[in-house]
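The values are calculated or read from the model by the stated rules, or taken from the named source; none is laboratory data. In this text, all values refer to a predicted model and were calculated from it rather than measured experimentally. Here Cβ is always computed from backbone atoms with ideal geometry, including for glycine, and neighbour counts include all displayed protein chains. When the accessible area is computed, the model is the full protein with side chains, heavy atoms only, and any ligands, DNA or RNA have been set aside. Shrake-Rupley method; radii C 1.70, N 1.55, O 1.52, S 1.80 Å.
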Amino acid sequence: MHVPDGFLDATTSTGTAAVAAAGVALALRGSRHELDERTAPMAGLTAVFVFAVQMMNFPVAFGTSGHLMGGALAAVLVGPWTAVLCLTVVLMVQALVFADGGLTALGTNVTLLGLVAIGVGYGVFRGLRAVLPATRTGLLTSAGVGAFLSVPTAALVFVGLFGLGGVADVALGPVTAAMVGVHLLIGLGEAVITVAVLGAVFTVRPDLVRGGRHLLRARELAPRPGLAGATAVDAR
């Protein structure tokens, strides 16, 4: 969902640029509470991974293709504020070096992929994490659903922006049907990749998954087998 130059008028592009700038400014402040000796290196690795995977497209339908957006994945790995910074850096490099997404549309792309996708993906993740069992399966299910929903939601926001300032003489109905239909399928791919990557990282280094640290704390607080019996014997 890299919006190119010329899709939105100057007023709409300026508005999304202002929203993106405000979001990045908030992320710079919020990331101070997320970055530590484990998260800081992981943020760099996450940005590189998202950048690399976004360059790889997979077929969807009707001759179209999609790629990972990575908002939910980055947010669960390093936290939502740091994820916004990661996606912003990725989008800037893609626009400046690879012409993937226009410069005048950079604010729009940061708003869609960096703010909307992360906000929805991480919000759904946190909501489901609160009600699902505190297990690895619960963690991956929450992340997968959040990743899936983040994609069509970002597509709907784009449709709204197109309705406000789209320069092409195309009816909003067909645009909505095409964007939502294709991005529902892309969302499935987003969910699969997110769950696969998080599952692999959590299996090897669960301490690197910021969104899963509550599971580590639960393990640390859980009584060890035989400990209760030993305590009872000592009490005698």
Task: Hey, residue 51 in a helix (DSSP H, G or I) and modelled with pLDDT under 95 or not - done: yes
- [ ] Return yes or no: is residue 90 among the hydrophobic types (A, V, I, L, M, F, W, C) and in a helix (DSSP H, G or I)?
- [x] yes
Open item on the list: Going residue by residue through the stretch 222-233, is there one that turns out to be modelled with pLDDT under 95, under 35 Å from the mean Cα position of the chain (by Cα) and open to solvent by less than 90 Å² (accessible area, probe 1.4 Å)?
Closed with: yes
Open item on the list: So, in the stretch 94-114, exactly how many residues are at pLDDT 95 or above and outside any helix (DSSP H, G or I)?
Closed with: 0
Open item on the list: I'm told residue 159 meets every condition in (1) part of a helix (DSSP H, G or I); (2) hydrophobic (A, V, I, L, M, F, W, C); (3) within 19 Å of residue 23 (Cβ to Cβ) except one. Can you identify the failing condition by its number?
Closed with: (3)
TODO: Taking the residues in the stretch 160-188 that are surrounded by 20 or more Cβ atoms within 10 Å (Cβ to Cβ) and under 20 Å from the mean Cα position of the chain (by Cα) as candidates, determine which candidate is modelled with the lowest pLDDT.
DONE: 182
Open item on the list: Just to be sure before I move on: is residue 65 open to solvent by less than 50 Å² (accessible area, probe 1.4 Å) and either modelled with pLDDT of 95 or more or not acidic (Asp, Glu) (or both) in the structure I sent?
Closed with: no
Task: residue 91 at pLDDT 95 or above and under 13 Å from residue 118 (Cβ atoms) - done: no
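Would you say residue 56 is open to solvent by 50 Å² or more (accessible area, probe 1.4 Å) and not charged (D, E, K, R)?
Working: open to solvent by 50 Å² or more (accessible area, probe 1.4 Å): yes; not charged (D, E, K, R): yes.
Yes, satisfied.
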TODO: Of the numbered conditions (1) touching a residue at least 40 places away in the same chain (Cβ under 8 Å); (2) more than 22 Å from residue 71 (Cα to Cα), residue 154 fails exactly one; give the number of that condition.
DONE: (2)
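Taking the stretch 68-86 only, how many residues are at pLDDT 90 or above and assigned to a loop (DSSP other than H, G, I, E, B)?
Number satisfying all stated conditions: 3.
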Task: Condition check for residue 108: surrounded by 20 or more Cβ atoms within 10 Å (Cβ to Cβ) and closer than 20 Å to residue 151 by Cα - done: yes
Task: Residue in the stretch 135-154 that is open to solvent by 10 Å² or more (accessible area, probe 1.4 Å), in a loop (DSSP other than H, G, I, E, B) and farther than 20 Å from residue 190 by Cα present - done: yes
